Structure formats: C-alpha cells, structure tokens
1. Taking 0.36 nm per residue of separation and subtracting the Cα-Cα distance, what length does fully extending Glu107 through Ala33 add?
2. Compute the relative contact order of the stretch 20-129 as a whole-number percentage, counting only Cα pairs closer than 8 Å that sit 6 or more residues apart in sequence.
3. Taking the Cβ of Ala59 as the center, what net charge do the other residues with Cβ under 14 Å away carry, scoring Lys and Arg +1 and Asp and Glu -1?
4. Over 5 Å intervals from 0, what percent of Cα-Cα pairs in the stretch 23-130 sits in each interval?
5. What is the extension gain from Val73 to Gln45, computed as 0.36 nm multiplied by their sequence separation minus the C-alpha to C-alpha distance, in nm to one decimal?
6. Counting other beta carbons within 10 Å of each residue's own, what order do Tyr94, Tyr23 fall into, fewest first?
7. Calculated FRET efficiency, Gln115 and Tyr94, Cβ-Cβ r, R0 22 Å, to nearest 0.05?
Amino acid sequence: MATRSARRSQHWAYSMETKLKVYQMNLEGEIDAAKMAEIDRVIGQLIKGEMFGLILNFASVEHIHFTILPTFVEEKKRLQSFGGDIRLAGMSEYIKNIFRTTGVLEEFQVFETAQQAAKSFGVAKPAMNLPLGL
C-alpha cells in the first residue's frame with residue numbers, strides 16, 4: 001500500500017514538472033505597496049488557468065515594507081491553488097530579517113541564487129524574466 005502511494009506521489013511530481021513553466025521576476029530598490037500592486041497585477045495576468053512557478057529575485061532589493069509581506073503569502077497561496085508556487089532568491093540578511101521578524105520567511109522556500117531556485121522547480125533556468133510593467 002505504501003509503495004502504491006509513493007508511486008502516485010512520484011507520478012504527480014513528474015506531471016507537475018512537465019507542465020510547470022517557471023518565470024523569474026527581478027525586483028530592485030524599495031518594495032512598497034505600489035510595487036506590490038504591480039507584482040500582483042503581473043501574477044494575475046499570468047495565471048489564467050496555467051500552472052507556473054515564480055522566482056522572486058531579491059538580489060537588488062534594498063528595502064521592503066513589512067506591511068506588504070502578508071500579500072506575498074496571499075500570492076503564494078493563489079499560485080498554489082493553480083498548482084504553482086513562489087520561491088524566493090538572492091535575499092540579503094537584512095531582507096531575510098524583515099521576512100523573519102514578521103513571521104513570513106518560513107512560508108517560503110528561500111535560495112541563495114535564482115539558478116538554485118529554478119533547479120528546485122526541476123528546470124535549468126526560467127522560461128522568461130518578467131519585468132514589472134508587463
């Protein structure tokens with residue numbers, strides 16, 4: 001019985017990997033409510049029933065307003081409802097501490113580089129880099 005369940009899990013993971021497109025969004029500067037609204041809009045345009053993974057690359061982010069962090073969790077849950085996910089990459093210790101202090105960090109898989117995050121989705125690199133203002 002456990003073997004059958006394990007086989008189903010492996011098949012499901014394989015199916016996910018073959019259908020999942022992975023996108024990357026390189027964030028920069030200060031992430032405030034206005035930028036979060038733009039991120040939300042871009043994600044909304046992409047969903048349209050398609051499963052996808054999104055890497056948010058924080059390598060060039062200087063500051064993020066703690067008040068918008070729950071929105072990142074909402075976006076993650078929204079993507080997961082379509083079979084996708086959000087992974088975080090390139091976060092400085094300062095940015096990680098903001099996420100950690102608000103209790104949001106443990107909601108995400110965090111990677112040192114965007115390439116490592118892409119590999120966690122089972123791809124060598126994202127299909128596309130998404131600019132804000134898409």
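1. Fully extending the segment from Glu107 to Ala33 adds 24.6 nm.
2. 34 percent
3. -2
4. 2, 13, 24, 28, 21, 9, 2, 0
5. 8.3 nm
6. Result, fewest neighbours first: Tyr94, Tyr23.
7. The value I calculate is 0.50.
No lab work stands behind these numbers, since they all come straight from the coordinates. On a predicted model such as this, the values are computed, not experimentally measured, just so you know. Please note: Cβ atoms are built from the backbone with ideal geometry, for glycine as well, and neighbour counts cover all protein chains shown.
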